[in-house]
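Derivation of every value follows stated rules applied to the coordinates shown; laboratory data play no part. Note that the structure is predicted; figures quoted are calculated from it, not measured. Glycine also receives a Cβ, built like all others from the backbone with ideal geometry; neighbour counts cover every protein chain displayed.
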Amino acid sequence: MKTFIYDLTMERLREWVKEQGEPVFRAGQIFDWLYVKRVGAFEEMTNLPKSLRQKLEESFQFVILKEITRQVSSDGTVKLLLGLHDDHAIETVIMRHNYGNSVCVTTQVGCRIGCTFCASTLGGLKRNLTAGEIVAQVLEAQRLLDKEQERVSSIVVMGTGEPFENYDALMDFLRITIHEKGLHIGQRHITVSTSGIVPSIYRFADEQTQINLAISIHAPNDELRSKLMPVNRRYPFAEVLKALQYYYQTTGRRITFEYALIGGVNDRPEHAQELAEVLNGLDILCHVNLIPVNYVPERNYVRTSRDDIFAFLNVLQHNHINATIRREQGGDIAAACGQLRAKHMESTAR
Ligand code: SAH
């Protein structure tokens, strides 16, 4: 199979161009066609010599994402179920905010992390996506937004999969999207979320980017976190926190803690108090994002009542922890993340 052209960072594309005996500025022209003009074929790259277009054609292919389902919420959120060349399907979500449009991308087909409240992990991990398959999701979103003369202004790497277990593809994806000749998304407008893959947190810290890091914490202690997230047995709570301190010391960047509130499980005021103490003890700049758990039929968790959500928030704020409740979007379309794909897998299996 030919390599996807969107897999190539500018650096790699420059090397390839040089190998073809062409001047390196051609790489910039190619990026412009791919990410600014956003053509779908090499023959459309009309300022390149014909011979180079032919070589591109021989060496690379475009990622074709086939739209299987599109759901549009009353608040403008768009959920896409996209088919890959090998018949796997992934979800990509476009969210509309008053400050811009954000895209939530998927990094793996399925997931092996096994969080007990999550729909993305139900069928296990099928395979990693390549960098280009992640890039293509952003392009797909941009194509939809083009119709309204709008642009993708931010990216959240919070779709299906654990980005830090597909690290190299993730980093290439990020390099391509932030490149000024590429999609040119501001680093501060990109957030990567991880379940806590400790070695990758250290690696990511050392990259010294300005990209935001979010950590799915979901519990204030080791024992409860292990119950909700089996990955906590591989990378225990204390080690995750240590890695985050290193990340903060290295980058100086505020860390987001995601906390899905699950009725009667992790949503009591005692949990909030314990979380606040843990976070205050870290001496880092952080922010807690409370997410009312999305209902997943396969899991019998209940949601926290509105009053209890605010009670939890109050305990955090009382302890000087910066915290907000995640605004829910697209609630009327496909409930929890990963469910569109789960439903699709069920129906194709029949
Ligand atoms: N694997 C990465 C990326 C997924 S991000 C990670 O774990 O961070 C998606 C976020 O949604 C994570 O914080 C995840 O824990 C959370 N999530 C998963 N299932 C959920 C559900 N049913 N309700 C609310 N949040 C959920």
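A few points about this structure:
- Alpha-carbon centroid distance for the pair region 198-218 / region 260-327, whole angstrom: 21
- Computed FRET value (nearest 0.05) for LYS18 with THR69, which takes r as the C-beta separation and R₀ as 51 Å: 0.75
- Region 1-151: equivalent-ellipsoid semi-axes (sqrt of 5 x gyration tensor eigenvalues, Cα, Å): 31, 20, 13
- The angle between the Cα long axis of helix 306-318 and the main principal axis of the chain comes to about 90°, on a 0 to 90 degree scale.
- Surrounding net charge for LEU125, when Lys and Arg each add one and Asp and Glu each subtract one, Cβ distance under 12 Å: +1
- Rounded tilt (10° steps) of 339-349 against the dominant C-alpha axis of the chain: 70
- Build a GNM of the chain with springs between Cα atoms under 10 Å apart, and of ASN300, ASN128, ASN322 the one that fluctuates most is ASN300.
- Among beta bridges from DSSP that stay inside the chain, the antiparallel ones total about 45%.
- Candidates HIS318, HIS218, HIS179: whichever shows maximal mean-square fluctuation once the chain is modelled as a Gaussian network with Cα springs under 10 Å: HIS318
- Radius of gyration, Dmax [region 3-61; alpha carbons; angstrom]: 10.0, 25
- Gain in span if fully extended, GLU328 to THR46, counting 0.36 nm per residue against the direct Cα distance: 97.1 nm
- Taking Cα centre as origin and charging only the Cβ of basic (Lys, Arg, +1) and acidic (Asp, Glu, -1) residues, the dipole magnitude of region 215-350 rounds to 520 debye.
- Within the chain, the percentage of alpha carbon pairs spaced more than 26 angstrom apart rounds to 52%.
- Under 23 Å from the Cα of LYS66 - lysines, other chains or at least 8 residues apart: LYS2, LYS37, LYS79, LYS126, LYS147, LYS343
- The alpha-carbon atoms of region 257-350 define a convex hull whose volume equals 110 cubic angstrom per residue.
- Highest-MSF residue in the chain out of GLU58, GLU162, GLU270 [GNM, Cα springs under 10 Å]: GLU58
- Crossing angle, helix 10-19 versus the chain [Cα axis fit, 0-90 degrees, rounded to tens]: 20
- Normalised contact order of region 1-77, rounded percent, pairs of Cα under 8 Å and 6 or more residues apart: 36
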